[in-house]
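A short write-up of the structure that comes next.
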Amino acid sequence: MNENIKNEIAIFGGGCFWCTEAVFLQLKGVTSALPGYIGGFNPNPTYKEVCTGETGHAEAIQIDFNPDEISYAKLLEIFFATHDPTTLNRQGNDIGTQYRSEIFYVNENQKKLAEAYIEYLTEEKIYQDPIVTKISESSTFYHAEDYHKNYYNGNKEQGYCSMVITPKVNKFQEKYSDLLK
């Protein structure tokens, strides 16, 4: 590993942050995947406030990754492969603007890569319906309350986790087994 390379940040909103965190925490090169809120207008929002859909925030994860081990392009691929980017403000039974599909870029290169990847997915007709994923400049990322961190791994028997997250994680692990820690 090149010690001169610094980790980078990626921020994705792909529905419930418990689901996206559970996927990205497993990847080689990912140092952390922290749940939080971004893209809204209330400072320091709480989970209860974000759940109302009235703060404008998306549930998202902030991924700290080593670009020597995993590229931003690969993270984009996994992001799109592990949620439905064609449903507006919804992922499965989770409905509301806080569950929107959105990429929050932290630099112009990330923006260009995200735009190009959506263009590729569209041209190749990977999805039957149009992609509604927004691409937005990152703003303040507010960390979620501590009990949300690593939620899936600590609550696998909980109903939502076993019924919604476990099947998603299993599918992800099959497809991307070569990228797992």
Next on the checklist: Being surrounded by 20 or more Cβ atoms within 10 Å (Cβ to Cβ) and farther than 14 Å from SER101 by Cβ: is that true of GLY36 here?
Outcome noted: yes
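Any idea which of GLN62, GLN91, GLN128 is touching a His at 6+ places or on another chain (Cβ under 9 Å), more than 23 Å from GLY29 (Cβ to Cβ) and in contact (Cβ under 8 Å) with a residue 12 or more places away in the chain?
Sole residue among the options that is touching a His at 6+ places or on another chain (Cβ under 9 Å), more than 23 Å from GLY29 (Cβ to Cβ) and in contact (Cβ under 8 Å) with a residue 12 or more places away in the chain: GLN91.
Kindly indicate whether ALA10 is surrounded by 14 or more Cβ atoms within 10 Å (Cβ to Cβ) and over 16 Å from GLU102 (Cβ atoms).
Numbers: surrounded by 14 or more Cβ atoms within 10 Å (Cβ to Cβ): yes; over 16 Å from GLU102 (Cβ atoms): no.
No: the conditions fail for ALA10.
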Checklist entry - Which residue out of GLU77, GLU54, GLU69 is surrounded by fewer than 17 Cβ atoms within 10 Å (Cβ to Cβ) and under 17 Å from the mean Cα position of the chain (by Cα)? => result GLU77
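May I ask you to say which residue of PHE41, PHE24, PHE17 is over 16 Å from ASN89 (Cβ atoms) and in contact with a Gly (Cβ under 9 Å, 6 or more places away or on another chain)?
Values: PHE24 fails: in contact with a Gly (Cβ under 9 Å, 6 or more places away or on another chain); PHE17 fails: over 16 Å from ASN89 (Cβ atoms).
Being over 16 Å from ASN89 (Cβ atoms) and in contact with a Gly (Cβ under 9 Å, 6 or more places away or on another chain) holds for just one of PHE41, PHE24, PHE17, which is PHE41.
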Checklist outcome for this item: Of the residues in segment 55-86, those that are within 27 Å of SER177 (Cα to Cα) and part of a loop (DSSP other than H, G, I, E, B) come to ASN66, PRO67, ASP68, GLU69, ILE70, SER71, THR82, HIS83, ASP84, PRO85, THR86
Item to check | segment 16-42: number of residues that are assigned to a loop (DSSP other than H, G, I, E, B) and either hydrophobic (A, V, I, L, M, F, W, C) or modelled with pLDDT of 95 or more (or both) | outcome: 8
Next on the checklist: Suppose we keep only residues that are assigned to a helix (DSSP H, G or I) and hydroxyl-bearing (Ser, Thr, Tyr) within segment 132-180. Which one would you say is surrounded by the most Cβ atoms within 10 Å (Cβ to Cβ)?
Outcome noted: TYR152
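Suppose we keep only residues that are over 15 Å from the mean Cα position of the chain (by Cα) and touching a residue at least 12 places away in the same chain (Cβ under 8 Å) within segment 94-110. Which one would you say is farthest from THR52 (Cα to Cα)? Lay out the reasoning, then the answer.
Applying the first criterion (over 15 Å from the mean Cα position of the chain (by Cα)) to segment 94-110 yields 95-96, 107-109.
Now narrow it down to the ones that are touching a residue at least 12 places away in the same chain (Cβ under 8 Å): 96, 109.
Details: GLY96: 8, ASN109: 33 Å.
Selected residue: ASN109.
The values are calculated or read from the model by the stated rules, or taken from the named source; none is laboratory data. Only a predicted model underlies this, so the values are computations on that prediction, with no experimental measurement involved. Please note: Cβ atoms are built from the backbone with ideal geometry, for glycine as well, and neighbour counts cover all protein chains shown.
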